[in-house]
Amino acid sequence: MNSASSVQKPDLSHLPSHLAIIMDGNGRWAKNRGLIRSKGHLEGLSSAKKIAQAAAELGIKYLTLYVFSTENWKRTEQEVGYLMNLIRSHLRSEFEFYKTNRIRIEHLGDLNGLPPDIQAEITKAREETKEFTGLTLTLAINYGGRNEIVRAIKKCASLDYIDKITEENFGTYFDIPELPDVDLLIRTGGEKRLSNYLLWHASYAELIFTDTLWPDYTETELYENIIEFQKRNRRFGNAPV
């Protein structure tokens, strides 16, 4: 692997404003090493911190990580419990990391469907970091794209101006109204599907799928993926030039 000094970094004038990542492969990473799945999730958390710091240092404005989906509740009680504890402990212990990197925390998903203490930790993290002006790190916890759309519909269904809802103003009913569309969506772990992630926001996202399991995903590969993004011709429905 190249040394840190020789690693090619992306063009800082053409970064994705909103980067979204499906962090897949923790369980397989652990299995390949004869470890229990929880060890993979723990290592995956370490990777998430490294990538968040790298994104912040590049100057990316928004990073959204798929932490726990509405479908993940189907996993074993033991694994769900471990993941909830990992989320809980991370939110409690990482304020200094966020402060050092000026990272603002946001949450995407059905907050009311989470345990009350985790709801409180998410609320506290958002409040404590709300003045930070660097990267906005959005944690998608108990999140599903269809679920978010349905909840948005319910919010506006009783309005007397429902016939005036447009694509532009409908977004104001989402969990984070100011969250911009995704420019680049990366999925690790070799699978090639969206898995109900940011279905509205990723309508015109550039997609990159990598076989790298999430705990092995590095800052160098992040740079490579962004450089690939920068080579693409984003037409948004226009004819090729």
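The values are calculated or read from the model by the stated rules, or taken from the named source; none is laboratory data. What you see is a predicted model; the values in this text were computed from it and never measured. Quick reminder, even Gly has a Cβ in these numbers, built from the backbone with ideal geometry, and neighbours come from all protein chains shown. Surface accessibility is based on the protein's heavy atoms, side chains included, excluding ligands, DNA and RNA. Shrake-Rupley method; radii C 1.70, N 1.55, O 1.52, S 1.80 Å.
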Worksheet item: Which one of these is in a helix (DSSP H, G or I), closer than 22 Å to residue 202 by Cβ and modelled with pLDDT of 95 or more: 105, 149?
Response: 149
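Listed here are the residues, each with its yes/no results for (1) modelled with pLDDT of 95 or more; (2) farther than 15 Å from residue 138 by Cα.
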{"residue": "162", "(1), (2)": "no, yes"}
{"residue": "175", "(1), (2)": "yes, no"}
{"residue": "188", "(1), (2)": "yes, yes"}
{"residue": "195", "(1), (2)": "yes, yes"}
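Condition first: open to solvent by less than 40 Å² (accessible area, probe 1.4 Å) and more than 17 Å from residue 174 (Cα to Cα). Now tell me which residues in segment 120-136 satisfy that.
Correct list: 121, 122, 125, 129, 132, 134, 135.
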Discussion item. Just to be sure before I move on: is residue 131 more than 20 Å from residue 21 (Cβ to Cβ) and either assigned to a loop (DSSP other than H, G, I, E, B) or touching a strand residue (DSSP E or B) at 6+ places or on another chain (Cβ under 9 Å) (or both) in the structure I sent?
Written reply: yes
Worksheet item: Out of all the residues in segment 55-97, which are open to solvent by 50 Å² or more (accessible area, probe 1.4 Å), touching a residue at least 12 places away in the same chain (Cβ under 8 Å) and of a type in the set (Lys, Arg)?
Response: 61, 92
Practice prompt. Sort out which residues of segment 195-219 are without any contact (Cβ under 8 Å) to a residue 40 or more places away in the chain and among the polar types (S, T, N, Q), and write them in order of number.
Written response: 203, 210
Worksheet item: residue 41 versus (1) open to solvent by less than 30 Å² (accessible area, probe 1.4 Å); (2) on the phi > 0 side of the Ramachandran plot: which is the lone unmet condition?
Response: (2)
